[in-house]
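**Q** Take this structure, written in structure tokens, and hold onto it; I'll ask about it next.
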Amino acid sequence: MADKDFELEDPFEPVAVALSTPGYDGAEAMARCFVEEFALMGWPPERIYRLFTIPEFAGSYSIMQERGPAYVKSLIASVFGGTFEPQPFEPDMRLVPVLKRGELEGEGDGSGL
């Protein structure tokens with residue numbers, strides 16, 4: 001609990017700050033984590049690549065803007081093994097498919113597993 005009353009012009013607003021650690025590429029670690037996690041969930045490489053192209057996914061999109069498509073393609077290829085060249089996709093292609101009731105195992109218990 002705060003020791004002072006709330007002020008409309010409160011100087012204690014949360015502020016995000018990016019920190020750099022010499023010798024550690026945090027952006028690469030984050031990008032690899034995105035690719036590995038979605039690969040483990042069964043997403044194909046093309047779908048993972050699309051995740052890096054949509055501005056609403058700020059973390060992955062920032063990697064694409066900072067490092068470029070060649071970097072993202074090589075990262076996906078390194079996780080899946082081999083080479084990767086994304087297929088063209090429709091602009092309105094859904095990243096997450098719409099499922100009908102009963103399509104997921106475990107739907108009755110809410111786990112989605």
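The values are calculated or read from the model by the stated rules, or taken from the named source; none is laboratory data. This structure is a prediction, so every number in the text was calculated from the model and none was measured. So basically every Cβ, Gly included, is an ideal-geometry build from the backbone, and we count neighbours across all protein chains shown.
**Q** In the stretch 60-84, which residue that is among the small types (Gly, Ala, Ser) and surrounded by fewer than 16 Cβ atoms within 10 Å (Cβ to Cβ) is modelled with the lowest pLDDT?
**A** Going residue by residue through the stretch 60-84, those that are among the small types (Gly, Ala, Ser) are 60, 62, 68, 70, 74, 77-78, 81-82.
Filter again for surrounded by fewer than 16 Cβ atoms within 10 Å (Cβ to Cβ), leaving 62, 68, 70, 74, 77-78, 81-82.
Details: 62: 94, 68: 95, 70: 93, 74: 94, 77: 94, 78: 94, 81: 90, 82: 82.
The selected residue is 82.
**Q** Let me ask another. What pairs can you find where one residue is in the stretch 8-37 and in contact (Cβ under 8 Å) with a residue 24 or more places away in the chain, the other is surrounded by 10 or more Cβ atoms within 10 Å (Cβ to Cβ) and among the acidic types (Asp, Glu), and their Cβ atoms are less than 7 Å apart, with a gap of 6+ or different chains?
**A** Listed by first residue and then by second, the contacts come to 27/66.
**Q** May I pose another question? Please go through the stretch 27-41 and pick out each residue that is of a type in the set (Gly, Ala, Ser) and more than 16 Å from residue 81 (Cβ to Cβ). Steps first, answer last, please.
**A** Here is the first cut: in the stretch 27-41, the ones of a type in the set (Gly, Ala, Ser) are 27, 29, 31, 39.
Within the stretch 27-41, 27, 29, 31 qualify.
**Q** Hey, another quick one. Of all residues in the stretch 1-41, count the ones that are assigned to a loop (DSSP other than H, G, I, E, B) and surrounded by 10 or more Cβ atoms within 10 Å (Cβ to Cβ). It would help to see each step written out before you state the result.
**A** Taking the stretch 1-41 and keeping what is assigned to a loop (DSSP other than H, G, I, E, B), we get 1-20, 22-23, 25, 41.
Next, from what is left, pick out any that are surrounded by 10 or more Cβ atoms within 10 Å (Cβ to Cβ): 10, 25.
Residues flagged as assigned to a loop (DSSP other than H, G, I, E, B) and surrounded by 10 or more Cβ atoms within 10 Å (Cβ to Cβ) within the stretch 1-41 amount to 2.
**Q** Output the number of the condition that residue 87 fails; it satisfies all remaining conditions of (1) at pLDDT 70 or above; (2) surrounded by 10 or more Cβ atoms within 10 Å (Cβ to Cβ).
**A** (2)
**Q** Please verify whether residue 47 is loosely packed, with under 10 Cβ neighbours inside 10 Å and either at pLDDT below 75 or assigned to a helix (DSSP H, G or I) (or both), treating the condition exactly as stated. Full working, then the answer.
**A** Values: loosely packed, with under 10 Cβ neighbours inside 10 Å: no; either at pLDDT below 75 or assigned to a helix (DSSP H, G or I) (or both): yes.
When the stated conditions are applied, residue 47 does not pass them.
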